[in-house]
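**Student:** Questions regarding the structure given below will be posed in turn.
The values are calculated or read from the model by the stated rules, or taken from the named source; none is laboratory data. On a predicted model such as this, the values are computed, not experimentally measured, just so you know. With ideal geometry, Cβ positions are generated from the backbone for all residues, glycine too; neighbour counts draw on all protein chains shown.
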Amino acid sequence: MLRFFESKYSYFLFQTCKAFLPDMMSENSGHIVSIASLAGLSGVNYLTDYSSSKFAAVGFEESLRLELHAEGYTGIRSTVVCPFFINTGMFDGATSGIFSMLTPEYVAGEIVSSVLVNQEVVILPKYFSLLVIFKTMIPAKMQHSMSRAFDLDSAMTGFKGRQAGLKK
């Protein structure tokens, strides 16, 4: 699990920001887009490693945004995107309960729209924002019941993952 976390979080997110942020800071301009997941806002059964890396991505973006603003870099914007399952093959075998998987085209369009209006946190589909807010107000036992009610507690039981490259 540690190897997964290091490769997904540290290398791709931290190293990318480390490479581009100095130039952005010198110009006080730019936009950082981090792709996380709803699994970075609410844990998912059988995805502890994936979910923890996405929680880290959400926390990294939030902390970086606050730090840049506190240091006067108000021209550097950031957006963290937290989508539900995207139908790319990465989650082959997973079930999405009563919710439909998202198309890559829909997610890409929402990312572009969000960057254009400097939206800091993007939850897709948008109605999941209510579930994320609701989750913070209910006890853990009710969260378990809610997860079962929406069939999210068993979403990963048939998970196979991408078997042979990207789907077309």
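**Student:** Evaluate the stretch 107-119: report whether one residue or more is at pLDDT below 95, touching a strand residue (DSSP E or B) at 6+ places or on another chain (Cβ under 9 Å) and surrounded by 15 or more Cβ atoms within 10 Å (Cβ to Cβ).
**Tutor:** No - not one qualifying residue is present in the stretch 107-119.
**Student:** Going through the stretch 9-28 one residue at a time, which ones are loosely packed, with under 15 Cβ neighbours inside 10 Å and aliphatic (A, V, I, L, M)?
**Tutor:** ALA19
**Student:** Would you mind stating whether LEU116 is of a type outside the set (Val, Ile, Thr) and under 26 Å from GLN143 (Cα atoms)?
**Tutor:** Criteria not met by LEU116.
**Student:** Out of curiosity, is VAL132 under 12 Å from LEU38 (Cβ atoms), surrounded by 11 or more Cβ atoms within 10 Å (Cβ to Cβ) and modelled with pLDDT of 95 or more?
**Tutor:** no
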